[in-house]
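These notes are about the structure you will find just below.
Bear in mind that the values in this text are calculations on the coordinates, not laboratory data. Just so you know, these numbers come straight off a predicted model, no measurement behind them. Cβ: placed from backbone, ideal geometry, glycine included. Neighbour counts: every protein chain shown.
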Amino acid sequence: MGGRAQDEPQLEQGPAPVIAVVGPSGVGKDSLIRALAAHDPGYRAVRRVITRPGGAGEAHIPVSPAEFARIAARGGFALHWRAHGLRYGIPGEVDALCLGCRGVLVNLSWQVLAEAQARFGDLVVLSLSADPGILAARLARRGRESGAERSVRLKRAGLVLPEGLRRVHRIDTVGTPQEVLRAALACLQPESGSRLSR
């Protein structure tokens, strides 16, 4: 009574992989992270700490530059970096989130992927891409940046991933959100298959 059904899969208790979702601005990283977490609660999403006011699209943790520096100084971030005139951090509690789940979803910058692989060991990269014209339209539609800022972000769209990453899956996001989700799940199911036991 009250026990788990015999055929219901149980998640192993060892650390799950960190799943880095990367790609240019406007490619749909946050949308995919939300869709994965909503589709399967076994995937946990990490909120980034950013020196940007709240209410600007991504559900991040807003802090001032001074507070960010204090958190970094006391070792409160697993990873942190600078981009687009802002500072971004991944809270140190990401390690605890890796216990008892399929994977931990993190929106990362390409510039810290090698560091992330060294830091977490078990790193899976979902590298998202889209046609530049589609990216430009998405950035204009979200209205978060000025025209000059959008141009800078679009120029970074052609940056390549660092060498030495062991597990990279590439996904084109020109389809519908449901199609992109299915593509991501198809990539992740072989990766997380070992997370299930019966």
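Worth pointing out:
- Across the stretch 87-97, rounded Karplus estimates of 3J(HN,Hα) from the backbone phi angles (6.51 cos²θ - 1.76 cosθ + 1.60, θ = phi - 60°) give 10, 10, x, 9, x, x, 6, 4, 5, 5, 5 Hz, Gly and Pro being marked x.
- Checking every one of the trypsin sites (Lys or Arg not before Pro) in the stretch 33-88 against DSSP loop status and a limit of 16 other Cβ atoms within 10 Å picks out ARG47, ARG74.
- Stretched out straight at 0.36 nm per residue, the stretch from TRP81 to HIS39 would grow longer than its current Cα-Cα span by 12.2 nm.
- Rg/Rh (Cα only; Kirkwood hydrodynamic radius) as it applies to the stretch 20-101: 0.97
- Residue-by-residue Karplus 3J(HN,Hα) for the stretch 34-41, coefficients 6.51, -1.76, 1.60, Hz, glycine and proline x: 4, 5, 5, 5, 6, 5, 9, x
- Cβ-Cβ FRET estimate between GLU93 and ARG170, R0 fixed at 30 Å, reported to 0.05: 0.55
- Each label point was placed 7 Å from the Cα along the Cα-to-Cβ direction; for ARG182 and ALA69 their separation is 5.0 nm.
- Averaging the sequence gap over all C-alpha pairs within less than 8 Å and six or more residues apart, then dividing by the number of residues, gives the stretch 61-126 a relative contact order of 21 percent.
- Order of ASP131, ASP122 - criterion: other Cβ atoms within 10 Å of each residue's Cβ, fewest first: ASP131, ASP122
- Amide H to amide H, with H built 1.01 Å from N, CYS101 comes under 5 Å of ALA16, counting only residues 5 or more places away or on other chains.
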